[in-house]
1. Would the range 104-111 turn up any residue that is surrounded by fewer than 16 Cβ atoms within 10 Å (Cβ to Cβ) and within 19 Å of Val189 (Cα to Cα)?
2. Take Thr137 and decide whether it is crowded, with 17+ Cβ neighbours inside 10 Å, of a type in the set (Ser, Thr, Tyr), modelled with pLDDT of 85 or more and not in a loop (DSSP other than H, G, I, E, B).
3. When the range 156-196 is examined, which residues are found to be exposed (fewer than 14 other Cβ atoms within 10 Å of the Cβ), touching a residue at least 24 places away in the same chain (Cβ under 8 Å) and small (Gly, Ala, Ser)?
4. What about Glu126, is it modelled with pLDDT under 90, closer than 30 Å to Thr48 by Cα, in contact with a helix residue (DSSP H, G or I) (Cβ under 9 Å, 6 or more places away or on another chain) and in a loop (DSSP other than H, G, I, E, B)?
5. Could you tell me which residue of the range 52-97 is nearest to the chain's Cα centre (by Cα), considering only residues that are part of a strand (DSSP E or B) and among the aliphatic types (A, V, I, L, M)?
6. Exactly one of these conditions fails for Ser116: (1) of a type in the set (Ser, Thr, Tyr); (2) within 26 Å of Val46 (Cβ to Cβ); (3) surrounded by 15 or more Cβ atoms within 10 Å (Cβ to Cβ). Give me its number.
Amino acid sequence: MRKPGFAWIALLIVLSIAAGGCATAPAGKSAGTGEPPSWQTSSLEVRTATVEAIDQSTRMVTLKGPQGNSITFKAGEEVRNLPQVKVGDEVKVGYYESLEVRVLKEGEAAAAAGESVAMARAKAGEKPAGVVGREVTVNATITAIDKAAKTATLKGEDGKSVTVTPRDPKNLEKVKVGDRLVIVYTEAVAISVEKVEKKK
């Protein structure tokens, strides 16, 4: 398991929190609970495309999106059952991502930082389908808060710092300089090839 660069995960934080179309489920500190605040945001997007061209010898595939845009790519050897794919097949692609930020309790041990990857694919003979996902965990400390600029500066375990702007600036009211954070970023991509029903 390799430890990801802090600047890289911080960029994901900015993109995830600032991106539109995300469902946010805040779990801020409630009065009297004594629990540190935490926040989570997630999104799920499903797109459909049609196989416009495919070359089994070179494994080059061209997909056409619903708006007429096309993309050509090479399907790697890990893509099982490619010979089952034909021009006209419908491909569904789902993309899920979530970001969880939690303030550690005083004296609480930091989470184990690192990245894990999981993958599943169709059985031999079936239409190509599969899912691949990864989870990245990093630890950071808040070294500065600028409420006027609505930003916070985070310092990672590698000593690098980055300034981020939370999607909801009110969350800055729930944290303070010195707070330690554990940040978990999860993403998954699922692809399936389906038969297209012919119009009568």
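The values are calculated or read from the model by the stated rules, or taken from the named source; none is laboratory data. Only a predicted model underlies this, so the values are computations on that prediction, with no experimental measurement involved. Here the Cβ is made from the backbone with ideal geometry for all residues, glycine too, and neighbour counts use every protein chain on show.
1. No - not one qualifying residue is present in the range 104-111.
2. Considered against the rule, which asks whether it is crowded, with 17+ Cβ neighbours inside 10 Å, of a type in the set (Ser, Thr, Tyr), modelled with pLDDT of 85 or more and not in a loop (DSSP other than H, G, I, E, B), Thr137 comes out as yes.
3. Gly178
4. It is true that Glu126 is modelled with pLDDT under 90, closer than 30 Å to Thr48 by Cα, in contact with a helix residue (DSSP H, G or I) (Cβ under 9 Å, 6 or more places away or on another chain) and in a loop (DSSP other than H, G, I, E, B).
5. So the residue we want is Val93.
6. The number of the failed condition is (3).
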